[in-house]
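Here the structure comes first, spelled out in structure tokens, and everything after it is commentary.
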Amino acid sequence: MASSTLPLFHLYGDPPDDSAFDFIHIETIASRSSVHDWTIRAHRHRNLFQILLIEKGGGEMSFETATVAFSAPAAILVPATTAHGFRFTPQVTDGWVVSFTEDVADALGDQSGEALARLKTVAADPLVPLAGAAEAKRLGALCADLNEEASLAREGYRLAMRGLLALIAIEVVRLAVSRARSGTVTLTRADARVEELRRLLDEHFRKERLISFYAEKLAMTADRLNDHVKRATGVTAGHLIRQRVLTEAKRQLVFTNQPIHEISYDLAFSDPSHFTRFFRKQTGMTPQAFREGRGG
């Protein structure tokens, strides 16, 4: 762990751009990773969703505090705000990285935009193995076309890029649906109220832990919000709040060298012992044991 904070980038190495809108970007994996010794260190994007197509080679991905090995051919999904990093096999790994702001889905309309929205549903499991060369070839051709439109900037290229992005999303979702039929993952439509709650949690979780605060923001009673979340997700709103705090705690323990007592105050716990009790109750281990177990 080399830093005291988890870096936040627009594209890797670039400062955050909170004003980014209707943004679609594509580049090869090698173009950026090769200049960083094939290692993309753990970081986050505030407002970018990314799709990686691994056409050759492979490597290892950090996804929040988990480590996932991958090899070609595969697609990888990285939602906005998710802590992630890559260690690619040097020299041999290549493919594409497609990045886009989530408002692009709104611009596509209900039919095409739904495919982009559904990517968020399957991204909890970031790795989508491809069954063979044909699947990789289809996705690779779409990515190459998207790159050509971005590079040449011909008349109508923005519309063409949105359409190609939708086709890439549709292809990935189809592959995920196929995987779901095998029982590996279940695809369900994201609940709008729950998604709004998650957005509010990202903004306020450090200071606001009461369900009543979020219920008021959503123009609901606390009981109604709890019931709605339980029906939609199978867990309570309180559980989502605790899990958001826990996710941030794990990120800081794994990806930073911040002392544990500073993490506890950063997450608005009254004292480090309160933080330790919370963390042990949620995980069965102390923050220190978790950090040491993750190699920190």
At most 14 other Cβ atoms within 10 Å and a DSSP loop assignment: could you name the chymotrypsin sites (Phe, Trp or Tyr not before Pro) in the range 1-44 that fit?
Phe21
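Hand me the chymotrypsin sites (Phe, Trp or Tyr not before Pro) from the range 229-296 located in a DSSP loop with no more than 12 other Cβ atoms within 10 Å, in residue order please.
none
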Translational diffusion coefficient of the range 192-293 at 20 °C, 1.002 mPa s, Stokes-Einstein with Kirkwood Rh over Cα pairs, in µm²/s as a whole number.
150 µm²/s
Would you work out the relative contact order for the chain, in percent, from Cα pairs under 8 angstrom that are 6 or more residues apart?
17 percent
Would you mind estimating how fast the chain diffuses translationally, via Stokes-Einstein at 10 °C and 1.306 mPa s with the Kirkwood radius over Cα pairs, in µm²/s?
77 µm²/s
Quick one: which residues, 5 or more positions from Glu55 or on another chain, have an amide H under 5 Å from its amide H? H modelled 1.01 Å from N in the peptide plane, none for Pro or chain starts.
Asp94, Gly95, Trp96
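Please give the charge dipole size of the chain, origin at the Cα centre, charges +1 on K and R Cβ atoms and -1 on D and E Cβ atoms. Round to the nearest 20 debye.
1100 debye
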Just want the answer: with Cβ charges of +1 for Lys and Arg and -1 for Asp and Glu, which residue in Thr121, Phe70, Ile51 is farthest toward the dipole's positive end in the range 11-130?
Phe70
Per-residue Cβ contact counts at 10 Å, fewest first, order His274, His228, His45 as His274, His228, His45
Considering the Cα positions of the range 8-181, please state its Rg to one decimal place and its Dmax as a whole number of Å.
14.9, 44
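At a Förster radius of 22 Å, what calculated FRET efficiency corresponds to the Cβ-Cβ distance of Arg277 and Glu64, to the nearest 0.05?
Numbers: r = 22 Å, r/R0 = 1.02.
It comes to 0.45.
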Under a GNM of the chain (C-alpha, springs under 10 Å), which listed residue has the highest mean-square fluctuation: Met285, Met161, Met61?
Met285
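The numbers here are math on the coordinates, done by the rules we state, and not lab data. Computed from a predicted structure; not experimentally measured. Using ideal geometry, Cβ is built from the backbone for each residue, glycine included, and neighbour counts are taken over all protein chains shown.
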